[in-house]
Amino acid sequence: MTSEPTVRKGTVVDAIVQTLADDIVSGRLVPGTKLDAQGMAGRFGVSRTPIRETFGHLAAMGLVTHRPNRGVVVATLSPEALTDLYEAMAELEAALARLATLRMNREQRERLQQIHRDSVHLVRDGCTDAYARFNQTFHDLIFEAAQSPQLQDLAIATRTRLAPFRRAQFRLHNRMSRSWEEHEAIVQAVVAGDADGVARLMRLHVQTVSAMTAEFVAEHRPPGQASSASGA
């Protein structure tokens, strides 16, 4: 058995989850593919323990399923299910953004403006992974400022299932710059105190992400799969 990397287990699992999720979303691992724990342990140079934990995270995202006598297999990506999740996400984020605009303090408002300004360098340099991390920070700040634990928990649970797809959108041409422009409009409305306007802009933002996700999945769908993907 190979030894695990000398880093925290959580870091190892997170990295493997992201790699396999990206492989599934991009079509490199096609639906029905069996994921063998021992083979995956060899691929990533770890024991089977973090691999089993990884499979649990992927199952929670709906990317793999456990089938009797077959073990863990890549799930079929349903455009309809994705659209339903994004519809829920759009409404949750719109509500949180509205509340955040009404409830955030000056420090939070200034922090939102600052990280947004800083992110323009990531767009200019084409730093896809770094921008995806910033994007989560941007939305996290809004979630926290809303001061609504119940809505926040629902939004985080939904976002967890969509995380690989939201990350994948930034590989599309010009998506990062468009995302930055959408954030710019949201930040300006927050600063102006336009709670209803922020909710509308955030809803449109997530709906655009839904459409971009559908486009990415359609472009990377293996030959022979149905071509009925649609965005919100």
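The values are calculated or read from the model by the stated rules, or taken from the named source; none is laboratory data. In this text, all values refer to a predicted model and were calculated from it rather than measured experimentally. Here the Cβ is made from the backbone with ideal geometry for all residues, glycine too, and neighbour counts use every protein chain on show. Surface accessibility is based on the protein's heavy atoms, side chains included, excluding ligands, DNA and RNA. Shrake-Rupley method; radii C 1.70, N 1.55, O 1.52, S 1.80 Å.
List of remarks:
- Residues that are within 15 Å of residue 166 (Cα to Cα) and either basic (Lys, Arg) or open to solvent by 30 Å² or more (accessible area, probe 1.4 Å) (or both), drawn from region 84-115: 84, 85, 87, 88
- Residue pairs whose Cβ atoms lie under 7 Å apart, sitting 6 or more positions apart in sequence or on different chains, and linking a residue in region 156-171 that is β-branched (Val, Ile, Thr) to a partner that is buried (at least 21 other Cβ atoms within 10 Å of the Cβ) and assigned to a helix (DSSP H, G or I), are 158/89; 158/92.
- For region 129-171, the tally of residues that are farther than 14 Å from residue 94 by Cα, open to solvent by less than 40 Å² (accessible area, probe 1.4 Å) and among the hydroxyl-bearing types (Ser, Thr, Tyr) stands at 1.
- Scope region 28-43; condition open to solvent by less than 60 Å² (accessible area, probe 1.4 Å) and more than 22 Å from residue 165 (Cβ to Cβ); matching residues: 37, 39, 41, 42
- Close pairs from region 104-118: first more than 19 Å from residue 180 (Cβ to Cβ), partner open to solvent by 50 Å² or more (accessible area, probe 1.4 Å) and not hydrophobic (A, V, I, L, M, F, W, C), Cβ under 8 Å, at least 6 apart: 108/144
- Of 70, 8, all but one fail to be over 23 Å from residue 161 (Cβ atoms), of a type in the set (Lys, Arg), open to solvent by 40 Å² or more (accessible area, probe 1.4 Å) and modelled with pLDDT under 90; the exception is 8.
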